[in-house]
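Student: Take a look at the following structure, please.
The numbers here are math on the coordinates, done by the rules we state, and not lab data. Owing to the predicted nature of the structure, the values given are computational and were not obtained by experimental measurement. All Cβ positions, glycine included, derive from the backbone under ideal geometry; neighbour counts span all protein chains shown.
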2 protein chains.
Amino acid sequence: MFTDEYYMKMALQEAQIALEKDEVPIGCVIVSNNRIIARAHNLTETLNDVTAHAEMQAITSAANFLGGKYLKDCTLYVTLEPCVMCSGALSWSQISKVVIGARDEQRGFINKHLSLHPKTEIITGIMENECSSIVKEFFKSKR
Amino acid sequence: MFTDEYYMKMALQEAQIALEKDEVPIGCVIVSNNRIIARAHNLTETLNDVTAHAEMQAITSAANFLGGKYLKDCTLYVTLEPCVMCSGALSWSQISKVVIGARDEQRGFINKHLSLHPKTEIITGIMENECSSIVKEFFKSKR
């Protein structure tokens, strides 16, 4: 049951909530011991705040839940590859594992040759088509 | 009166407040039309949150003040060179100008070959010694 696909579906549900708010549809969850301890979706328009990416909110929320700022035994599931800002935050958090749905060749951290914390495992391509489609359809509808 | 040094002194006052809270002493202000519209200092320990860097708080605060997420006619004065996370946030904000006190060769964004928004002017070395000393003294006292 507790597969990467299972949690990515939860992240996609968050992206769907963002979509319904006319936000760029990106969502994530943070999991610790098979339990979702934080869930968030992009809220940059709603909050008028460029820092309100799903990952940023989830990192703050998970740290609050854990009572400590390091997310050492946690996994982030995010529908789209984190940007430079979010990769920097993930790096500071020392999170154990980051699971990415779709790649973001242009804005994502990987092509900028940035790395996360040395101990952070990175997995890409989980439910890639679904995670990619929701963003592509959103931008197509905006044209 | 409204020189870069003037506003960097205000940022240093913020760093001093952080120091009094036993936080890594980094401070910043955001200025629009010669008026300080946001001021913040590092609060990562107090808030148990790796994202609570001075710049991140100031970006959110300035956008809130302006009622819009872009900081197009604003200048950030920060005592220490922004990290990867904060440079990413500044990039999204499209801020007009970033004035840096001391460089951070190891954690700063410049040596990672990251750029801010193409329209953002970057100035370094304003009150460099004071901005560098307060951080160096802090870490020396921790050893």
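Student: So in the range A:55-143, what percent of DSSP beta bridges are antiparallel if you round to the nearest 5?
Tutor: Details: 1 of 10 bridges.
The answer is about 10 percent antiparallel.
Student: How large is ³J(HN,Hα) for each residue in the range B:42-51, as worked out from phi by the Karplus curve 6.51 cos²θ - 1.76 cosθ + 1.60 (θ = phi - 60°), to whole Hz, x for Gly and Pro?
Tutor: Coupling constants for the range B:42-51: 4, 9, 4, 6, 4, 8, 6, 8, 4, 8 Hz.
Student: Using a label position 7 Å from Cα in the Cα→Cβ direction, what is the ascending list of nm distances from residue B:65 to the same site in the other copies?
Tutor: Once sorted, the set of distances for residue B:65 reads 3.4 nm.
Student: Could I ask something else about it? Let me check I've understood the local charge: for residue B:74, count other residues with C-beta under 11 angstrom from its C-beta, Lys and Arg +1, Asp and Glu -1. What total comes out? Walk me through the intermediate numbers first.
Tutor: Working: positive: B:35, B:72, B:97; negative: B:73.
Result for the neighbourhood of residue B:74: +2.
Student: For peptide B:87-96, how many partner chain Cβ atoms fall within 10 Å of a residue's Cβ, on average?
Tutor: Numbers: counts 3, 16, 11, 3, 5, 9, 3, 1, 1, 0.
Across the residues of B:87-96, the mean count of other-chain Cβ atoms within 10 Å is 5.
Student: Add +1 for every Lys or Arg and -1 for every Asp or Glu among the other residues with Cβ under 14 Å from the Cβ of residue B:1, and state the total. Numbers along the way, then the final one.
Tutor: Numbers: positive: B:9, B:35; negative: B:4, B:5.
With Lys, Arg at +1 and Asp, Glu at -1, the neighbours total 0.
Student: Considering only DSSP beta bridges where both residues belong to the protein assembly as shown, give the percentage that are antiparallel (nearest 5). Before the final figure, lay out the partial values.
Tutor: Details: 24 of 42 bridges.
Within the protein assembly as shown, antiparallel bridges account for around 55 percent of the total.
Student: How far, in nm to one decimal, is residue A:111 from itself in the other copies if the label point is set 7 angstrom along Cα toward Cβ? Shortest first, please.
Tutor: In nanometres, ordered from closest: 2.7.
Student: If I fit a long axis through the Cα atoms of helix A:54-66 and take the longest principal axis of the Cα atoms of chain A, what angle between them do I get, 0 to 90°, rounded to 10?
Tutor: 30 degrees
Student: For chain A: lysine pairs with Cα atoms under 18 Å, gap of 8 or more or different chains, count?
Tutor: The result is 10.
Student: Treat every Asp and Glu Cβ in the protein assembly as shown as -1 and every Lys and Arg Cβ as +1, leave all other atoms uncharged, and give the resulting dipole magnitude about the Cα centre to the nearest 20 debye.
Tutor: On the way: 30 positive and 34 negative charges, 28 e Å.
Value, rounded to 20: 140 debye.
Student: Evaluate peptide B:47-57: per residue, the Cβ atoms of other protein chains within 10 Å of its Cβ; return the mean as an integer.
Tutor: The shielding value for this peptide is 6.
Student: Hey, another quick one. Compare the peptides B:128-134, B:78-84, B:5-11, A:32-38 by average per-residue count of other Cβ atoms within 10 angstrom and give them in order, highest first. Mind showing how you got there, number by number?
Tutor: Working: B:128-134: 17.1, B:78-84: 27.4, B:5-11: 18.9, A:32-38: 14.4.
Packing proxy ranking, top to bottom: B:78-84, B:5-11, B:128-134, A:32-38.
Student: If each label sits 7 angstrom from Cα along the C-beta direction, how far apart, in nm, is residue B:21 from its counterparts in the other copies?
Tutor: Listed shortest first, these distances are 2.5 nm.
Student: Then there is this: Could you tally the net charge around residue B:16, taking each other residue with its Cβ under 14 Å from the Cβ of residue B:16, Lys/Arg +1 and Asp/Glu -1?
Tutor: Values: positive: B:9, B:21, B:39; negative: B:14, B:20, B:22, B:23, B:130, B:137.
That sum, taken over residues with Cβ under 14 Å, equals -3.
Student: So, in Å, what gap is there between the alpha-carbon centers of the range B:56-73 and the range A:12-76?
Tutor: 21 Å
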